[in-house]
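The values are calculated or read from the model by the stated rules, or taken from the named source; none is laboratory data. Being a predicted model, the structure only gives us computed values, none of them experimental. Cβ atoms come from the backbone with ideal geometry, glycine included; neighbour counts cover every protein chain shown. Side chains included, ligands, DNA and RNA excluded: accessible areas come from the protein's heavy atoms. Shrake-Rupley method; radii C 1.70, N 1.55, O 1.52, S 1.80 Å.
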Amino acid sequence: MTVRDGWAVLDTTSATAVGVRRAGDVIDTVDRRSYLHAGPQVEPGEVVGPMRGAILGALVLEGEAPDLAAAGELFDAGKIDLRPCHSASAVGAMAGIISPSTPVVVVEGDDGHNAFAPLNEGLGRALRFGANDAAVLERLRWMSTVLTPVLDDALRAGDGIDITALQSEGLRRGDECHNRNVASTAALTVRLAPAVVEHAPDSGTAAAILDFLAGNPHTFLSFSMAAAKLVADAAHRCGTRGLVTAIAGNGRRMGIRVSGLDSWITASAPVGDPKLFEGYTVDDACPMMGDSLVTEVIGLGAFALSAAPAISSYIGGSPSVLQDYVSEMRQITRGGSSRFLIPGEGFRGTPMGIDVEAVARTGISPVVNNGFAHRDAGIGQVGAGITRLPIEPFVAAHNALLDLGAGDWLTSAGSRWGE
């Protein structure tokens with residue numbers, strides 16, 4: 001196999017949104033009782049509260065159970081097959097549950113590969129945070145039956161939208177394209193609006209769709225996550241060793257995927273330093289859960305915090321602290337992006353390409369910014385914040401690659417760390 005520079009692949013692969021489809025129509029492993037979840041593989045007995053809440057809600061949504069109590073009995077009887085989203089070229093925010101009727105953004109890469117992410121429901125009480133009441137499920141039904149076909153037609157009519165270009169522009173407008181997507185959502189909605197009006201069955205439906213897209217500041221997150229997954233997977237396939245190509249959590253364990261290694265390397269899921277909504281304490285927050293951290297892998301999210309100073313009001317810290325985080329991340333990455341540029345740093349590229357050897361050598365573990373769900377099912381989001389990841393998986397990955405032999409490894413790797 002010809003080895004390509006994985007860092008260059010991260011920096012040049014483009015992702016185009018080509019549709020919004022029901023997951024059961026585009027992901028082979030999703031069916032009536034086979035669902036995808038966020039993070040590394042989780043066994044039924046390990047499922048945390050908010051993920052359980054999302055699974056039960058999905059069972060009712062799909063008509064597999066008449067109510068949440070019956071759904072709980074079905075799940076507890078071992079009748080549901082669970083697999084990681086990442087195993088199906090997908091990523092899911094928070095609980096990440098993808099069932100057949102889940103609307104998913106479909107992105108396509110230069111090489112014809114696809115990636116998927118569930119369309120964002122909005123903040124607060126949402127299935128991905130474990131909320132599963134009647135209002136949550138009714139919104140999901142509307143998204144699946146009304147919103148999905150119109151958005152799919154709109155994207156197909158315009159030959160898709162270059163999401164990596166919108167991510168780049170988003171940084172220029174104050175987003176970091178993970179937890180802050182205000183400008184990118186506005187830009188995406190403007191791009192979609194004419195085709196939505198054209199393909200909606202009536203003006204009332206068109207207005208409702210545009211109101212939904214524009215009224216949710218995280219609409220763009222689904223597109224950003226799907227694009228990041230596609231770009232990171234391209235880097236994983238290229239042959240270079242030692243690049244982190246996925247970071248994810250399931251509420252029990254966080255894990256990383258590293259180019260050159262076949263399996264996830266995990267540690268206990270951290271809680272981090274959440275900025276909680278009023279009335280909640282850190283004891284209410286479920287440990288790290290979700291696949292959205294794939295945005296950090298390609299140089300966005302916490303690796304672009306200095307482009308989004310306003311996010312400090314949401315995740316905590318201050319603009320100067322956010323700049324310090326980005327500077328620190330430059331010490332553990334292979335370079336600066338040529339397309340994700342930070343205006344406040346003289347249009348310097350974001351740090352990109354987390355290198356496990358650099359993490360092991362410096363002792364600096366990556367940071368991410370993430371949302372937090374309540375530990376219990378049915379409650380929803382309780383905050384957001386900045387989380388320092390455990391260093392052990394990165395050190396373990398570095399040492400595992402040394403055991404395999406340096407080969408095409410493009411770093412100065414040579415010493416074992418942490419042993």
Legend entry - Single residue of Ala207, Ala193 found to be more than 20 Å from Ala308 (Cα to Cα), touching a Leu at 6+ places or on another chain (Cβ under 7 Å) and free of Cβ contacts under 8 Å to residues at least 60 places away in the same chain: Ala193
Inset, instruction - Could you identify the single residue in Gly336, Gly249, Gly349, Gly255 that is surrounded by 21 or more Cβ atoms within 10 Å (Cβ to Cβ), small (Gly, Ala, Ser) and in contact with a helix residue (DSSP H, G or I) (Cβ under 9 Å, 6 or more places away or on another chain)? - result: Gly255
Inset, instruction - Run down Gly122, Gly96 and say which single residue is in a loop (DSSP other than H, G, I, E, B), within 15 Å of the chain's Cα centre (by Cα) and under 16 Å from Ala248 (Cβ atoms). - result: Gly96
Inset, instruction - Go through the stretch 105-119 and give me each residue that's open to solvent by 20 Å² or more (accessible area, probe 1.4 Å), touching a residue at least 12 places away in the same chain (Cβ under 8 Å) and not in a strand (DSSP E or B). - result: Asp110, Asp111, His113
Legend entry - Selected residue (criterion: most open to solvent (accessible area, probe 1.4 Å)) from residues of the stretch 1-41 that are part of a strand (DSSP E or B) and aliphatic (A, V, I, L, M): Val18
Legend entry - Residues that are in contact with a Pro (Cβ under 8 Å, 6 or more places away or on another chain) and open to solvent by less than 10 Å² (accessible area, probe 1.4 Å), drawn from the stretch 95-104: Ala95, Gly96, Ile98, Pro103, Val104
Inset, instruction - Inspect all residues belonging to the stretch 166-176 and state whether any of them is under 24 Å from Thr350 (Cα atoms), out of contact with any Asp or Glu (no Cβ under 8 Å at 6 or more places or on another chain), among the basic types (Lys, Arg) and buried (at least 21 other Cβ atoms within 10 Å of the Cβ). - result: no
Legend entry - Failed item, numbered, when Val321 is tested on (1) of a type in the set (A, V, I, L, M); (2) open to solvent by 20 Å² or more (accessible area, probe 1.4 Å); (3) closer than 24 Å to Phe220 by Cα: (3)
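Inside the stretch 306-316, can you point out the residues that are among the small types (Gly, Ala, Ser), surrounded by fewer than 20 Cβ atoms within 10 Å (Cβ to Cβ) and in contact (Cβ under 8 Å) with a residue 60 or more places away in the chain?
Passing the criteria: Ala310, Gly316.
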Inset, instruction - Enumerate the strands (runs of 3 or more DSSP E) found wholly within the stretch 316-375, keeping only those where 3 or more residues are within 21 Å of the chain's Cα centre (by Cα) and more than 29 Å from Val282 (Cβ to Cβ). - result: 333-342, 348-354
Inset, instruction - Considering each residue of the stretch 42-93, count those that are touching a Ser or Thr at 6+ places or on another chain (Cβ under 9 Å), open to solvent by less than 10 Å² (accessible area, probe 1.4 Å) and part of a loop (DSSP other than H, G, I, E, B), and give that number. - result: 2
Legend entry - Residue check for Arg180: open to solvent by 10 Å² or more (accessible area, probe 1.4 Å) and either closer than 26 Å to Leu61 by Cα or not in a loop (DSSP other than H, G, I, E, B) (or both): no
Inset, instruction - Tell me the strands (runs of 3 or more DSSP E) entirely within the stretch 211-290 that contain at least 3 residues that are within 26 Å of Thr13 (Cβ to Cβ) and more than 18 Å from the chain's Cα centre (by Cα). - result: none
